[in-house]
Amino acid sequence: MSFVHLHLHTQYSLLDGANKIKELMPRVKAAGMPACAITDHGNMFGAVQFSEAAREHGVQPILGCEMYVAPQSRLEKAGRIDDYEAGGNYHLVLLATSREGYRHLCQLVTAGFREGFHYKPRVDKELLRELGGGLIALSGCLRGEVAHNLMSSQPERARSAAEELARIFDGRFYIEVQDNHLPAQERVNGELIALARELGLPLVGTNDCHYLRPEDAAAHEALLCIQTGKTLSDERRWRFETDQLYVKDGAEMAAAFAHVPEAVTNTLEIARRCDFELRQEWQFPVYQTPPGETLEDALDKKVRRGLDERLNEARTLGWDPARERLYEERARSELAIITSMGFAGYFLIVADFINWAKNQGIPVGPGRGSAAGSLVAYALRITDLDPLEHGLLFERFLNPERRSMPDIDVDFCFVRRDEVIRYVREKYGADRVAQIITFGTLKGKAAIKDVGRVLDFTFAETDRIAKLYPEPKQGKDFPLEKALEMEP
């Protein structure tokens, strides 16, 4: 029977989810599932990678998030994380049904980090009322408000929470049941089903997937120990007392919910309702040009003027005029490629803030990476390296046969870097400027040392094993499988 996983954590549920996206999608496709959701804890870090991988395997991506919801106000931060009256949080799964819903989901996640962060990025009911449009809500796991109150023998509070969420997400709220062999979940499931039928709310079955296969449960336990700084020998450590949080196939899920088959069929209905797919489209901020002048005209004018200035500098040093033709031909060729690929505005914007920084006396690097191969970048003073003099290729930077965004690495003085960021925000709009996150990953020797600690190995034992691991080559970590073949 067909089924869609709507509650699933990838590696972007940091040090909690163990589903690697590149391994997840082949599993979902092989299981015959038409769609799959990503619902990482409190963030949407994996949305783009998940969407691309899903499309590559012919699977419909459903973008969502397991939100942390403050019991009262997101601004109340006095209590502990497990204080359900003040500073704690409940879990709530949200899925985007449309572009509006995706935009709201992004706004909720941002507000959680910027306004409601207390142990976790939290939102509240006020924000859900304001930004609930275009979103489907699932009541969540045992940490959900409805399930938690049932588990705490407070059925009236559970009913009140379900009614409130049903009002917020009018016709888009589902009571979530799970069959994951957790004793507490098994106790609550019957009450969740009864409550859903009493209130006329639809049921949906999920599995809160944290890893790919049953045999990955032990590795997931080790991952949780790394997150919490505990060891596997610590009986009091936080853990899931089950090995069932894996990506089950449709037959397994149908068997688990045979007594409530609508919980399975509703996953397909929700997938149909989530009619939104994240498409990669280049949307550049607007670069203002004089009336009647196109971006391409403006770029051509600035490049020709800038190149003439650069050549004037060379002429004063003794210059072979015959070489000028090479520069003119190269500039013409690059401009043709840049404009045909629609990147004229990108070059104008980058040149604008770099030259603004230089005019403010902010030190700017001479250029590095493949952008140093662009004569256009040199003419615009984005870079200060003459690509013809150094034999650098433009095609390594921008190639019409390989349609991708140009990537210009720019170095600013770290003391005054914020001034440049402020200028760009003020000129092009704060909603069009963001800083890119860098994720640290557990690889090679670092992973060995962390796992060694979790297994109660001595420092000497762990260090000895880590030293057997081959050093990275050209900045890339040596594959673990090959390392094991070399040092079994």
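Values in this text are rule-based calculations from the coordinates and carry no lab data. None of the values given here were measured: they were computed from a predicted structure. So basically every Cβ, Gly included, is an ideal-geometry build from the backbone, and we count neighbours across all protein chains shown.
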### Message
Suppose each label sits 7 Å from its Cα in the direction of the beta carbon; what would the Asp386-Arg332 distance come out to in nanometres?
### Response
2.1 nm
### Task
Kindly provide the helix-only [θ] at 222 nm of the chain, computed as the sum of -39,500 (n - 2.57) over DSSP H runs of four or more divided by all residues, to the nearest 500 deg cm²/dmol?
-13500 deg cm²/dmol
### Task
Within the chain, what's the longest run with no chymotrypsin sites (Phe, Trp or Tyr not before Pro) in a DSSP loop and at most 15 other beta-carbon atoms within 10 Å? Give the range, please.
120-237
#### Entry: For the stretch 295-428: rounded, prolate or oblate by the Cα gyration tensor [a/c cutoff 1.5]
oblate
## Note on the structure
Under 5 Å from the placed amide H of Gly140, counting only residues 5+ away or on other chains, we find Val93, Glu176
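For a quick check of your reading of the filter: which GluC sites (Glu not before Pro) in the stretch 389-467 sit in a DSSP loop and have no more than 15 other Cβ atoms within 10 Å? Walk me through the numbers before you get to the answer.
On the way: sites: Glu389, Glu395, Glu401, Glu419, Glu426, Glu461; in loops: Glu389, Glu401.
Sites meeting the loop and neighbour criteria: Glu389, Glu401.
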## Note on the structure
Looks like the stretch 444-486, by Cα gyration tensor root eigenvalues a ≥ b ≥ c and the a/c under 1.5 rounded cutoff (else prolate when a/b is bigger than b/c, oblate otherwise), is prolate
### Message
Quick check on the exposure proxy: order His5, His118, His259 from fewest to most C-beta atoms within 10 angstrom.
### Response
His259, His118, His5
### Residues Arg99 and Asn399, FRET efficiency given R0 of 35 Å [Cβ-Cβ distance, rounded to 0.05]
0.65
### Query
How far is the Cα center of the stretch 178-201 from the Cα center of the stretch 27-78, in Å?
23 Å
### Message
Defining a contact as two alpha carbons under 8 Å apart and six or more residues distant in sequence, what relative contact order in percent does the stretch 8-73 show?
### Response
34 percent
### Message
Could you give the length gained by full extension between Leu480 and His181, i.e. 0.36 nm per residue of separation minus their alpha carbon distance, to one decimal place?
### Response
104.4 nm
### Query
Where nothing but the Cβ of Lys and Arg (+1) and of Asp and Glu (-1) is charged, how large is the charge dipole of the chain around its Cα centre, in debye to the nearest 20?
800 debye
### Task
Report which label in [x] 22, 59, 18, 0; [y] 19, 43, 30, 7, 0; [z] 20, 33, 33, 13, 0 holds the value of P(r) over Cα pairs in 20 Å bins from 0, in percent derived from the coordinates of this structure.
[y]
### Task
Using a/c under 1.5 as the rounded threshold, could you call the stretch 240-330 rounded, prolate or oblate? The axes a ≥ b ≥ c are square roots of the C-alpha gyration tensor eigenvalues, and prolate needs a/b larger than b/c, oblate otherwise.
prolate
#### Entry: Estimated distance in nm for a label pair at Thr441 and Glu262, the labels positioned 7 Å out from Cα along Cα-to-Cβ
4.4 nm
### Query
Tell me, Met1, Met341, Met33, Met405 in order of fewest to most beta-carbon neighbours within 10 Å?
Met405, Met1, Met341, Met33
### Summary
Residue span Glu241 to Glu313: 0.36 nm per residue of separation minus Cα-Cα distance leaves a gain in nm of 18.7 nm
### Summary
So, with points 7 Å from each Cα along the Cβ direction, the Ala255-Glu52 label distance in nm works out to 3.7 nm
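Quote the relative contact order of the chain in percent (integer), defining contacts as alpha-carbon pairs under 8 Å separated by 6+ residues.
11 percent
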## Note on the structure
Fewest to most Cβ atoms within 10 Å: Glu269, Glu215 sort as Glu215, Glu269
### Message
Taking only complete DSSP H runs, can you tell me which helices of the chain stretch 18 Å or more along their own long axis by Cα positions and average at least 0.5 on the Kyte-Doolittle scale?
### Response
344-359
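If the limit is 23 Å between Cα atoms, which of Lys443/Lys482; Lys20/Lys248; Lys29/Lys473 go over it?
Lys29/Lys473, as the Cα separations exceed 23 Å there.
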#### Entry: Nearest-0.05 FRET efficiency for Lys29 and Phe284, computed from C-beta distance (R0 30 Å)
0.30
### Message
Need the full-extension length gain, Phe414 to Glu461, defined as separation in residues times 0.36 nm minus the C-alpha distance. One decimal, nm.
### Response
12.9 nm
